[in-house]
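The values are calculated or read from the model by the stated rules, or taken from the named source; none is laboratory data. Model, not experiment: these values are computed from the prediction. Neighbour counts run over all protein chains shown; Cβ positions are idealised from the backbone, glycine included. Side chains are part of the model used for accessible areas, which takes the heavy atoms of the whole protein and leaves out ligands, DNA and RNA. Shrake-Rupley method; radii C 1.70, N 1.55, O 1.52, S 1.80 Å.
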Amino acid sequence: KSKTAPRTMADATCTSEFCNAGWSEVLTHMSPYGYANFGIAFGLGLSVVGAAWGIWLTGSSLVGAAVKAPRIRSKNLISVIFCEATAIYGVIMAIILANKVKKPDEATYFLDEDWDFPGFYYAGYGMFSAGLSVGLTNIASGVSVGIAGSSCAIADAQDPSLFVKILIVEIFASALGIFGIIVGIIQSNACTFPIAPLE
Amino acid sequence: MTTPAPQSDAGNLSTFNILHGFTEALVRGMRSSFMKDSDYHHMTQCDTLDDFRLNMTETDYSESVADIPNLTPSGLQEAALEKMVTEFKYLRTQAVEPLGQFLDFITYEYMIENVMLLLKGTLSGRDINELIAQCHPLGMFKESTMRSVPTFEPGPRGYDDLYQTVLVDTPVGPYFAQFLQDSAVHGGSRNVLEEVEIEIIKSSLIKYWIEDFAAYCSKLGGETATIMGDLLKVRADTNAINITLNSFGTPLNEPGMRFSDRKRLYPAVGHLYPAGTSMLVDVGDEDELGRVLELFPQYSSIWGVHAGGGSEKSIDDAFYERDVQQLELAFEGQMHFGVFYAFVKLKEQEIRNLVWISECILQGQKDEINKFVPVFSQHAPWRKSGGRR
């Protein structure tokens, strides 16, 4: 059948077997393995972006303030450690998720009809959103710990009694990252990739 | 106008530290080098300059005064200025654009001062080496350029030649060029006395500098534009008021000169611009000036100090007090460039304070000794009493 130029929207539907019927078909035909692994990548990558952002924000101020007040050097590394913690949350999440991704026992080209498709899709979507939960919250947490840490170093150089008070601000900021990993773990808890067809 | 716009802006709260985090933390560390209330108290109690020097060794200036066995007020000023300049140069070498250009702007003011010093000295026939020794260290340019200034000959083309041969390569060259352009447009034959001429040149150069600086800061945007905009507006207004006040009793105050010459000296930034400055053009004596300033609440109180008789405080002191209050506020917020400008100006104020105290001790005038404006003082009138330190 030759394809003529479509004249209305209804004519524009592609009828070849390689065309998609719409967005739903595009999204559901993306493999859950792809979703899960992207979730791992986002979780780890975005967490590290947040941690790195926070570290250079606070580190540059720490180095500068320590020129005139060298005593602040060791205490203010706590701010850097708080930022690093957000990266660790990303790594924890990534390891948990990576361990859940399992390949089927038998290597077949098409999946069996009895395959646990609901569980399959649940696992893919669940891991993707767990990764995003952790990654995006850790960016926010890392940046805010960094800015607060920068002010903490500068204030500590002027008046040592301010250090502990500003540290409390940083503790609240790093709690944001903890929220992310808690929700991420809850989301990914029930996700298991099926490895064999249902009996 | 003359300086090209910055390539990038200063950055906001989350990106400022990429380029400027280190330098900003440096200057904030230097805040602890300002003298405290207790230091000022000890120093005002001194009876001789040796006691004074002893007290100085306990402050951040200990290394500066260690080399000077016999302290004099001028020696003290030189040593303290040297220390400030060393710290500034350290900041300048660590600075990245656009902070580098910003710090350069701060030095242009001192370059203008130095150029005017060399010019005035040449006109009164003083030795060039003596003049160079007196130049402000922050505003030095190339030695060869400074030594070429005495080639200036007063005359119709004197200033043009000076610009073409000497000043065109210096950073203040564009301001001089603008001054020449404006005066060629407005006044062909200048039949004014030489000293008025020099004052006009200096005020014009400062005016162009303030306008250029304000334009640069507003292009930087963000916190820097807000804070520096305010500081420079206040600076421009101080200049406008001082120009008007100092012109009373000089040929600049004649009605013919006011519109043609004095008006051109008022900067085009500031709270007084444009309505206030157009009113200031017509002002002929102090009463009229007072009436104009009544309309602007932030200046009416300062004017009140001057109008109420100058025995307690002069108008300069009132301006300094207001300046110190505003510059201290520039230290409040983080991640902006205003803190660098505030550091230089507050250090200058501190040096003025130290020289004042040492002069009073030297001349034995202990009752005048407390007439200085301390920086970051807990007893400042704008701070609530009972603040913890």
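Taking first residues from region B:43-55 that are closer than 15 Å to B:Ile369 by Cα and partners that are open to solvent by 30 Å² or more (accessible area, probe 1.4 Å) and in a loop (DSSP other than H, G, I, E, B), the Cβ contacts under 7 Å between residues at least 6 apart in sequence or on separate chains come to B:Thr44/B:Asn370. The residues of region A:51-85 that are under 20 Å from the mean Cα position of the chain (by Cα) and free of Cβ contacts under 8 Å to residues at least 40 places away in the same chain, listed by number, are A:Ile81, A:Glu84.
Picking from B:Ser38, B:Ser64, which residue would you name as being touching a residue at least 12 places away in the same chain (Cβ under 8 Å) and under 29 Å from B:Ala380 (Cβ atoms)? Matching residue, one of B:Ser38, B:Ser64: B:Ser64. The set of residues from region B:9-42 being part of a helix (DSSP H, G or I) and more than 11 Å from chain A (Cβ to nearest Cβ) comprises B:Asp37, B:Ser38, B:Asp39, B:Tyr40, B:His41, B:His42.
When residues in region B:252-300 are screened for being in contact with a Phe, Trp or Tyr (Cβ under 8 Å, 6 or more places away or on another chain) and under 15 Å from B:Lys233 (Cα atoms), 7 of them pass. Given the structure, is B:Leu71 in a helix (DSSP H, G or I), touching a helix residue (DSSP H, G or I) at 6+ places or on another chain (Cβ under 6 Å) and touching a residue at least 60 places away in the same chain (Cβ under 8 Å)? Here the answer is no, as B:Leu71 does not meet what is asked.
Taken together, B:Glu223, B:Glu211 contain a single residue that is under 20 Å from the mean Cα position of the chain (by Cα) and part of a helix (DSSP H, G or I), which is B:Glu211. Exactly one residue out of B:Gly11, B:Gly29, B:Gly21 is in contact (Cβ under 8 Å) with a residue 60 or more places away in the chain, buried (at least 19 other Cβ atoms within 10 Å of the Cβ) and small (Gly, Ala, Ser): that is B:Gly11. Exactly one residue out of B:Glu143, B:Glu153, B:Glu194 is modelled with pLDDT under 85 and either within 26 Å of B:Val85 (Cα to Cα) or surrounded by 16 or more Cβ atoms within 10 Å (Cβ to Cβ) (or both), and it is B:Glu143.
Name every residue in region A:25-39 that is without any contact (Cβ under 8 Å) to a residue 40 or more places away in the chain and part of a loop (DSSP other than H, G, I, E, B), in order of residue number.
At the first step, the residues of region A:25-39 found to be without any contact (Cβ under 8 Å) to a residue 40 or more places away in the chain are A:25-27, A:29-30.
A:His29, A:Met30, listed by residue number.
Restricted to region A:120-158, and to residues that are away from chain B (no Cβ under 11 Å) and of a type in the set (Ser, Thr, Tyr), which residue is surrounded by the fewest Cβ atoms within 10 Å (Cβ to Cβ)? Among those that are away from chain B (no Cβ under 11 Å) and of a type in the set (Ser, Thr, Tyr), it is A:Tyr121. On inspection, B:Met84 passes the criterion of being closer than 30 Å to B:Phe176 by Cα, touching an Asp or Glu at 6+ places or on another chain (Cβ under 8 Å) and modelled with pLDDT of 90 or more. Looking only at residues in region A:159-174 that are more than 14 Å from chain B (Cβ to nearest Cβ), of a type outside the set (Asp, Glu) and in contact (Cβ under 8 Å) with a residue 24 or more places away in the chain, the one that is most open to solvent (accessible area, probe 1.4 Å) is A:Ile171. Just for region B:319-353: of the residues that are within 14 Å of chain A (Cβ to nearest Cβ) and surrounded by fewer than 21 Cβ atoms within 10 Å (Cβ to Cβ), which one is farthest from B:Thr226 (Cα to Cα)? So, considering only residues that are within 14 Å of chain A (Cβ to nearest Cβ) and surrounded by fewer than 21 Cβ atoms within 10 Å (Cβ to Cβ), the one farthest from B:Thr226 (Cα to Cα) is B:Glu328.
What about B:Pro98, is it open to solvent by less than 30 Å² (accessible area, probe 1.4 Å) and over 30 Å from B:Arg383 (Cα atoms)? Spelling it out, B:Pro98 is indeed open to solvent by less than 30 Å² (accessible area, probe 1.4 Å) and over 30 Å from B:Arg383 (Cα atoms). Any idea which of (1) in a helix (DSSP H, G or I); (2) surrounded by fewer than 20 Cβ atoms within 10 Å (Cβ to Cβ) is the one B:Ala240 doesn't satisfy? Evaluating B:Ala240 over (1) in a helix (DSSP H, G or I); (2) surrounded by fewer than 20 Cβ atoms within 10 Å (Cβ to Cβ) leaves (2) as the failure.
Taking region B:249-277 as the range and being closer than 22 Å to B:Ser300 by Cα and free of Cβ contacts under 8 Å to residues at least 12 places away in the same chain as the test, the residues that pass are B:Pro274, B:Ala275.
Of all the criteria given as (1) within 14 Å of another protein chain (Cβ to nearest Cβ); (2) open to solvent by 70 Å² or more (accessible area, probe 1.4 Å), the one not satisfied by B:Leu91 is (2). Within region A:56-86, can you find the residues that are open to solvent by less than 60 Å² (accessible area, probe 1.4 Å), of a type outside the set (A, V, I, L, M) and touching an Asp or Glu at 6+ places or on another chain (Cβ under 8 Å)? Once the filter is applied, which keeps residues that are open to solvent by less than 60 Å² (accessible area, probe 1.4 Å), of a type outside the set (A, V, I, L, M) and touching an Asp or Glu at 6+ places or on another chain (Cβ under 8 Å), region A:56-86 yields A:Ser61, A:Gly64, A:Asn76, A:Ser79, A:Phe82.
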